[in-house]
Structure formats: structure tokens, C-alpha cells
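Bear in mind that the values in this text are calculations on the coordinates, not laboratory data. What you see is a predicted model, and the numbers here were worked out from it, not measured in a lab. When we count neighbours, we look across all protein chains shown, and the Cβ atoms used for this are built from the backbone with ideal geometry, even at glycine.
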Amino acid sequence: MIDMINANKPERWKSDIADSIDQYNQWFIEFAPEAFRAARGAVVDEVRRAMLHTHDFADLGPTQIEANPGVVRTLRMSTAPPLARDRLIGLACTKRSLVAALEKGSLPKRMKSAELTEHLERISATLSELLDIDILPWITESRLPQEPERIRAASVVADRLCGAIANPIIRNAQETRQIAVIRSFLVDCGYREQMTSPGMPVQEMAPGTFAVRMNVGVKSGSAGMINMPIDLVVQPGRPEADRLPIFVEAKSAGDFANTNKRRKEEATKVNQLKNTYGENIRFVLFLCGYFNCGYLGYEAAEGIDWVWEHRVEDLMDLGL
């Protein structure tokens with residue numbers, strides 16, 4: 001039986017939750033605006049490219065979308081009102097899988113050409129009809145925009161787009177920071193980072209090493225072995241007899257509702273790891289933010305333990 005660090009100590013949960021929320025909020029106030037500004041700069045560039053590809057939103061025909069699928073995400077934010085993805089799908093009577101592929105910058109591989117053209121025509125017609133002429137006045141006036149108008153429109157659309165993806169921006173920045181915290185702690189403890197090659201068995205990791213965002217092979221039913229990304233994999237200085245490392249997933253949350261939606265993700269990962277490597281795998285969450293007792297209780301019931309970022313030294317209880 002693997003000793004638990006925090007999952008079996010419910011008397012500490014409430015105070016740890018309070019400390020974790022305080023830590024997350026302090027980080028958010030100090031660093032989130034900077035992360036958001038950096039992301040906004042990239043989004044502004046995306047909007048400007050979309051304007052270039054569509055002749056300042058004057059040409060939204062299916063040919064333009066097919067040549068530059070990724071513009072659809074920007075175009076959704078150029079309408080009045082801005083359209084959620086599901087709203088566009090409903091209005092255009094199109095397929096969720098198609099819009100998802102377009103917004104990732106690609107075309108569906110299995111859709112026939114005639115069907116693709118038909119769906120793109122519906123998408124382009126919907127977007128063209130709903131364009132926000134208050135920020136794109138040149139559309140109805142059949143003229144080219146002046147440069148100040150172009151800059152203003154790009155800024156408004158970028159703000160809308162950033163607002164729609166704000167949570168992922170913040171979550172990605174926080175996850176990067178969390179991994180940096182663990183990396184620094186391990187290095188201070190004498191561990192060294194190991195570069196892993198694709199398909200490398202986790203048991204081959206050298207003692208006293210760790211890998212960041214490692215693809216770990218797991219069994220997945222009829223699909224056979226698939227790669228599961230793990231945020232951090234650590235091989236203790238004195239490995240266990242089975243040479244299985246410790247699997248760590250960094251998790252942060254800026255509100256309680258978000259964690260309730262995501263709490264099953266970890267259970268799925270643990271079950272796949274156990275089905276592949278046995279019941280004695282060591283899998284822990286590295287938590288910072290809004291994780292309430294309901295979330296913690298769910299994870300504990302699934303046999304999942306965790307370490308709080310505000311008490312990172314608990315990692316040593318894993319046998320490091």
C-alpha cells in the first residue's frame with residue numbers, strides 16, 4: 001500500500017484550500033496581466049493576417065476560407081454580436097467537426113469536395129451577413145479602409161478574441177509557472193533534467209532524473225498502445241524494484257466550477273496508467289488555486305493523491 005501525502009488527511013484540506021486560493025490570487029494580480037498582454041500581441045497579429053487574407057473582411061467567400069481555414073476563429077469575433085462556436089454551427093447548419101478543424105487551421109480529410117464547398121458557402125454567408133459594420137464601416141460603403149480604421153478594427157476584434165480565450169491563456173501561463181517551480185525544486189535537490197526519446201520506456205529513466213511533458217505509453221483498448229502526455233515524470237535517486245517513476249500532473253484553477261468539470265480527467269489517466277503498469281503506480285497532482293473539498297474528496301476516492309504548490313516540499317514524501 002502506497003502511503004498518501006494529503007488525500008488521507010481531510011482535517012488539513014480547508015486550511016490548505018484557503019492557502020492555495022491566496023497563492024493563486026497573488027500570482028494572478030502580479031503576473032496574469034503580463035501573460036494576457038503577451039497573448040494579446042500574438043492575437044493582434046492573427047487578426048491582421050486574417051484581414052490580409054480576406055481583403056479587410058470584404059471577401060469571406062468559401063475559396064478564401066478554404067485557403068486559410070484558421071480565419072474562421074477571427075471571423076466569429078468580427079460579427080455583431082460575436083459568435084460562439086456552437087452558435088455559428090447552428091446558424092450555418094454545419095458540422096461541429098468541420099468548424100473545429102477549420103479553427104485549428106486545417107480541412108477535414110474525409111469530407112468530399114462538393115460537401116465541403118457547400119458547408120463553407122453556408123459558413124461564409126452567415127459570417128458575411130453578421131459582420132459588425134460599426135467597426136468595419138468600409139464594408140457597407142464599398143471602399144478600402146483607412147489605416148486608422150484598420151488598426152482600430154484589428155484591436156477590437158483582438159480584444160474580443162482574447163476575451164473568448166482568456167481562461168486558457170491564464171491556465172497555460174500558470175501551468176508553465178508550476179512546472180518551473182517543480183523543476184527548480186528538483187534541481188535544488190540534486191536531480192537533473194533528462195531529454196527523452198519518443199517511445200522510450202519510463203523504466204529506462206536514469207536514477208535521479210526527471211522529464212517534462214513526457215509522452216508515456218499506455219494501453220487503450222483496441223487502439224493498442226498510445227502516448228499519454230504527463231507534465232512531469234521523476235525517477236527517484238533510489239528507484240523502486242519495478243523502476244516505475246513518479247507521475248506528476250500540474251493543475252491550477254481560477255474558480256471552483258472549472259475544477260468540477262475537469263476532475264474526471266485525472267481518474268481517466270490513473271486508470272490507464274494502472275492498466276498498463278500495475279496498481280502500484282505513483283501518480284500525484286500538483287495543485288494551486290480553487291480546489292474545494294468536493295474536488296479533493298472525488299480525487300481521494302479515486303486513490304489520487306496531491307501536493308500543494310504552497311507546500312512544495314511535500315514532494316520529498318514521495319521518496320525522492
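So for Ile230, Ile135, fewest C-beta neighbours within 10 Å to most, what's the order?
Working: Ile230 22, Ile135 18.
With the fewest neighbours first, Ile230, Ile135 line up as Ile135, Ile230.
Any idea what angle helix 113-130 forms with the longest principal axis of the chain, computed on alpha-carbon atoms, 0 to 90 degrees, nearest 10?
80
What does the helix-only formula give at 222 nm for the chain: each DSSP H stretch with n ≥ 4 adding -39500 (n - 2.57), the total divided by the residues, and the result rounded to the nearest 500 deg cm²/dmol?
-16500 deg cm²/dmol
Distance in nm between label sites at Ser197 and Lys109, each 7 Å beyond Cα in the beta-carbon direction?
Going from the Ser197 label point to the Lys109 one covers 2.6 nm.
Given H placed 1.01 Å from N in the peptide plane, which residues other than close sequence neighbours of Phe286 have an amide H under 5 Å from its amide H?
Long-range HN contacts for Phe286: Glu249, Ala250, Lys251, Val307.
Given that compact globular proteins tend to follow 2.2 N^0.38 Å, what is the ratio of the alpha-carbon Rg of region 36-166 to that value? Could the numbers behind the result be given before it?
Numbers: Rg = 14.0 Å, N = 131, 2.2 N^0.38 = 14.0 Å.
Dividing the Cα radius of gyration by 2.2 N^0.38 Å gives 1.00.
Report the charge-dipole magnitude of the chain in Debye, nearest 20, computed about the Cα centre from +1 at each Lys and Arg Cβ and -1 at each Asp and Glu Cβ. Before the final figure, lay out the partial values.
On the way: 39 positive and 43 negative charges, 153 e Å.
About 740 debye.
At most 16 other Cβ atoms within 10 Å and a DSSP loop assignment: could you name the GluC sites (Glu not before Pro) in region 140-186 that fit?
Details: sites: Glu141, Glu149, Glu175; in loops: Glu141.
Sparse-neighbourhood loop GluC sites (Glu not before Pro): Glu141.
List the lysines whose Cα sits under 29 Å from the Cα of Lys264, skipping any in the same chain fewer than 8 residues away.
Here the lysines satisfying the reach criterion relative to Lys264 are Lys9, Lys14, Lys95, Lys104, Lys219, Lys251, Lys274.
Using just the C-alpha positions of the chain as equal point scatterers, what log10 of I(q)/I(0) does the Debye formula give at each q in 0.06, 0.07, 0.09 1/Å?
These q points yield log10 I(q)/I(0) values of -0.29, -0.39, -0.62.
With angles folded into 0 to 90 degrees, how steeply does helix 166-188 sit against the dominant principal axis of the chain? Use alpha carbons for both and round to 10.
30
With an 8 Å cut-off on Cα pairs and a minimum separation of 6 or more residues, tell me the relative contact order of the chain in percent. Write down the numbers at each step before the final one.
Values: 416 pairs, mean separation 66.5, N = 320.
For the chain, the relative contact order is 21 percent.
Compute the angle between helix 147-164 and the longest alpha-carbon principal axis of the chain, please, reported from 0 to 90 degrees and rounded to the nearest 10.
In the chain, helix 147-164 runs at an angle near 40 degrees to the longest axis.
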